[in-house]
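The values are calculated or read from the model by the stated rules, or taken from the named source; none is laboratory data. All figures in this text were calculated on a predicted structure; none of them were measured in a lab. Heads up, the Cβs are rebuilt from the backbone with ideal geometry, glycines too, and the neighbour counts pull from every protein chain shown. Note: accessible area is taken over every heavy atom of the protein model, side chains too, but ligands, DNA and RNA are not part of it. Shrake-Rupley method; radii C 1.70, N 1.55, O 1.52, S 1.80 Å.
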Amino acid sequence: MEGREVPLEVLRQRESKWLDMLNNWDKWMAKKHKKIRLRCQKGIPPSLRGRAWQYLSGSKVKLEQNMGKFDELDLLTGDPKWLDVIERDLHRQFPFHEMFVSRGGHGQQDLFRVLKAYTLYRPEEGYCQAQAPIAAVLLMHMPAEQAFWCLVQICEKYLPGYYSEKLEAIQLDGQILFSLLHKVSPVAYKHLSKQKIDPILYMTEWFMCAFSRTLPWSSVLRVWDMFFCEGVKIIFRVGLVLLKHTLGSSDKLKSCQGQYETMERLRALSPKIMQEAFLVQEVRCWGPSAATLGCLWVGGAAPKRLG
């Protein structure tokens with residue numbers, strides 16, 4: 001399912017480098033964080049991706065600090081209010097993937113366990129439908145317990161407030177994305193303003209599902225490699241790349257003059273701009289600098305987590 005085939009020799013070299021990093025993680029994190037970032041941008045070797053995501057996110061440490069907690073939550077019944085909704089969502093997650101293809105199969109069972117455990121771990125938040133594809137991607141790369149703690153890190157450290165009932169955090173980030181678009185692509189910004197299209201209408205699924213329901217699979221994996229290393233600014237950069245290359249020139253706008261046509265274009269993005277090599281290159285080289293993202297002020301509050 002990878003995009004461009006990486007030569008086997010190159011892959012073996014990358015695996016060797018990543019093994020050395022993972023086996024000496026604290027040393028690397030303390031002294032060579034830039035090198036880790038560069039290697040995440042090049043793509044984590046598939047055989048080590050799940051392990052690397054756990055180290056990058058801090059979920060490995062979180063699990064070690066909470067040994068037995070997942071098993072404890074797993075044994076509890078859970079709130080019927082959430083269980084019904086989770087049950088209904090299971091078959092919608094990657095239905096063509098071998099892990100999730102059969103109702104009641106081990107993939108769907110593990111997905112249920114992880115999502116149920118989260119509602120018990122954070123009962124004030126409960127369950128949000130966008131958590132299901134996130135958890136499903138994690139389960140393709142690691143066992144249920146590890147996937148649970150990785151999900152906890154995404155919900156609490158990477159995308160805090162995204163899955164709470166009022167969606168305030170996602171609305172704020174929608175406004176931040178729109179303000180950044182003004183700098184990055186004035187043409188796209190002007191068009192969306194003119195059409196009165198609120199960011200929440202097109203970026204909610206992108207951001208809440210970390211593009212797992214939008215991009216081709218190989219692109220999802222590369223974006224997540226960078227996301228786990230660099231944080232939410234990667235999600236912003238991907239969003240800005242997609243908006244700029246979809247609505248960023250008068251030529252592109254000829255076929256989407258009205259609000260409906262514009263929304264349709266954003267729902268059916270060009271495969272070319274979502275292709276792994278193109279997208280990753282744009283995110284790495286073109287994406288707004290950490291300084292731009294970190295210094296932007298919206299509503300009087302600086303979103304420091306973007307830096």
Legend entry - Filter result (part of a loop (DSSP other than H, G, I, E, B) and among the β-branched types (V, I, T)) within the range 213-236: T214, V232
Inset, instruction - Within the range 181-212, track down each residue that is aromatic (F, W, Y) and in a helix (DSSP H, G or I). - result: Y189, Y202, W206, F207
Inset, instruction - Would you be able to say whether some residue in the range 237-252 is part of a helix (DSSP H, G or I), farther than 15 Å from Y202 by Cβ, open to solvent by 10 Å² or more (accessible area, probe 1.4 Å) and at pLDDT 95 or above? - result: yes
Legend entry - Of all residues in the range 254-269 being within 19 Å of S219 (Cα to Cα) and part of a loop (DSSP other than H, G, I, E, B), the one that is least open to solvent (accessible area, probe 1.4 Å): L269
Legend entry - Among (1) open to solvent by 10 Å² or more (accessible area, probe 1.4 Å); (2) of a type outside the set (S, T, N, Q); (3) in contact with a helix residue (DSSP H, G or I) (Cβ under 6 Å, 6 or more places away or on another chain), the one test that G174 misses: (1)
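Do you know which residues across the range 131-169 are over 19 Å from E205 (Cβ atoms) and in a loop (DSSP other than H, G, I, E, B)?
M140, H141, M142, P143
It is to be established whether one or more residues within the range 88-96 are open to solvent by 40 Å² or more (accessible area, probe 1.4 Å) and touching a residue at least 24 places away in the same chain (Cβ under 8 Å).
yes
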Legend entry - Which listed residue is out of contact with any strand residue (DSSP E or B) (no Cβ under 6 Å at 6 or more places or on another chain), free of Cβ contacts under 8 Å to residues at least 24 places away in the same chain and of a type outside the set (D, E), from Y158, Y189, Y202, Y162: Y189
Legend entry - Given (1) open to solvent by less than 40 Å² (accessible area, probe 1.4 Å); (2) touching a helix residue (DSSP H, G or I) at 6+ places or on another chain (Cβ under 6 Å); (3) touching a residue at least 40 places away in the same chain (Cβ under 8 Å), number of the condition K62 does not satisfy: (1)
Inset, instruction - Output the qualifying pairs, or none if there are none: Cβ atoms under 6 angstrom, residues six or more apart or on different chains, first residue in the range 224-243 and within 13 Å of V280 (Cα to Cα), second residue among the polar types (S, T, N, Q) and part of a helix (DSSP H, G or I). - result: M226/Q41
Inset, instruction - State yes or no: is L19 surrounded by 15 or more Cβ atoms within 10 Å (Cβ to Cβ) and either among the polar types (S, T, N, Q) or in a helix (DSSP H, G or I) (or both)? - result: no
Legend entry - Test result for C128, in contact with a helix residue (DSSP H, G or I) (Cβ under 9 Å, 6 or more places away or on another chain), in contact (Cβ under 8 Å) with a residue 24 or more places away in the chain and assigned to a helix (DSSP H, G or I): no
Inset, instruction - Determine whether Q54 is more than 19 Å from A135 (Cβ to Cβ) and either in contact (Cβ under 8 Å) with a residue 12 or more places away in the chain or in contact with a helix residue (DSSP H, G or I) (Cβ under 7 Å, 6 or more places away or on another chain) (or both). - result: no
